[in-house]
Amino acid sequence: MQPACLFLYSKGRFLGFKRGQRTQYEHTALIQLENVNSKEETSFYEGKRVAYLYRAPTAKKGTHIRCIWGRITRPH
């Protein structure tokens, strides 16, 4: 009997920063999670940690990959 597939992570896409008509709030990012299409589906993800991985031109600690951590707080 095969166990069900369990994912330890889910991919997402950075859409931009929270903003008004004239101001932008860089401390709050908007993220589109893969296979999440409604506000009701986001309740599982609230409070979970997210990692933004990117490649830097110079290596630090032997790697070019850097990470910025954050937390999902509410649906948009």
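Name the pairs: first residue in the stretch 54-76 and under 30 Å from residue 38 (Cβ atoms), second residue part of a loop (DSSP other than H, G, I, E, B) and among the small types (Gly, Ala, Ser), Cβ to Cβ under 7 Å, at least 6 apart or on different chains?
Close Cβ pairs satisfying both conditions: 71/47; 72/47.
Given the conditions (1) among the charged types (D, E, K, R); (2) surrounded by 10 or more Cβ atoms within 10 Å (Cβ to Cβ); (3) in a helix (DSSP H, G or I), and given that residue 40 satisfies all but one, which numbered condition is not satisfied?
So the condition that residue 40 fails would be (2).
Against the definition (open to solvent by 60 Å² or more (accessible area, probe 1.4 Å), small (Gly, Ala, Ser) and either at pLDDT 90 or above or in contact with an Asp or Glu (Cβ under 9 Å, 6 or more places away or on another chain) (or both)), how does residue 62 come out, yes or no? Walk me through it before giving the result.
Values: open to solvent by 60 Å² or more (accessible area, probe 1.4 Å): yes; small (Gly, Ala, Ser): yes; either at pLDDT 90 or above or in contact with an Asp or Glu (Cβ under 9 Å, 6 or more places away or on another chain) (or both): yes.
For residue 62, the condition - open to solvent by 60 Å² or more (accessible area, probe 1.4 Å), small (Gly, Ala, Ser) and either at pLDDT 90 or above or in contact with an Asp or Glu (Cβ under 9 Å, 6 or more places away or on another chain) (or both) - is met.
So which residues in the stretch 16-53 are touching a residue at least 12 places away in the same chain (Cβ under 8 Å), over 15 Å from residue 74 (Cα atoms) and acidic (Asp, Glu), if there are any at all?
34
Out of curiosity, is residue 32 at pLDDT 90 or above and surrounded by 11 or more Cβ atoms within 10 Å (Cβ to Cβ)?
Details: at pLDDT 90 or above: yes; surrounded by 11 or more Cβ atoms within 10 Å (Cβ to Cβ): yes.
In short, yes.
The values are calculated or read from the model by the stated rules, or taken from the named source; none is laboratory data. For clarity, every value in this text was computed on a predicted model and none was experimentally measured. Cβ atoms come from the backbone with ideal geometry, glycine included; neighbour counts cover every protein chain shown. Side chains included, ligands, DNA and RNA excluded: accessible areas come from the protein's heavy atoms. Shrake-Rupley method; radii C 1.70, N 1.55, O 1.52, S 1.80 Å.
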